[in-house]
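Remarks on the structure that follows.
The values are calculated or read from the model by the stated rules, or taken from the named source; none is laboratory data. What you see is a predicted model; the values in this text were computed from it and never measured. All Cβ positions, even for glycine, are placed from backbone atoms using ideal geometry, and neighbour counts span all protein chains on display.
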């Protein structure tokens, strides 16, 4: 027994045995595994919208375009709205997009993704209650939720674009004709209605950024 060990025992302190460094024992300097604090255990990669959601979005947008073409071909086109300047045109687009977002908000519950969101909440609740839930199950639920969110985004875009196209052809607000002036007839108004619908259906943030760039002008070199 070493002198240090004898001193410890004399003072009434227990001495824990040291692990041997032989073949049967683990080495004192054996590496320990530590979790990387920057890695989320259940993180998943971003997901793209599925083919069905993409097709549904373009079908909705095409339906709006068909309505606009029907209005144009029937000769029932309303008088064109002609804002005073370009800034007024884009502000009208911004108000148009904000109003459409508010109108569609109550109907978002019927868009894709609600079931995946509920399934993820149940899985996380079970995992937090220490139930027998594996990390693979949580990862799978998160991936399904990410895919459902991407599907919801693209379908909502198609629905908003289709409705905005119908509204454009019904009210006579065509963004290209409004910018080019009353004498410009380089494009059929029903096509301009589709372009207007896509711009409005993209939401308020892109329009707000576009308005800011138009107002501020090109940045100085």
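Quick notes
- Set 90, 107, 58: member being at pLDDT 85 or above, out of contact with any strand residue (DSSP E or B) (no Cβ under 6 Å at 6 or more places or on another chain) and part of a helix (DSSP H, G or I): 58
- Among the residues listed as 193, 116, 97, 150, the single one being buried (at least 18 other Cβ atoms within 10 Å of the Cβ), under 30 Å from residue 75 (Cβ atoms) and modelled with pLDDT under 90: 97
- Per-region count, region 62-87, residues surrounded by 14 or more Cβ atoms within 10 Å (Cβ to Cβ) and not in a helix (DSSP H, G or I): 5
- Qualifying positions in region 53-94 - over 22 Å from the mean Cα position of the chain (by Cα) and under 24 Å from residue 152 (Cα atoms): 62, 63, 64, 65, 66, 67
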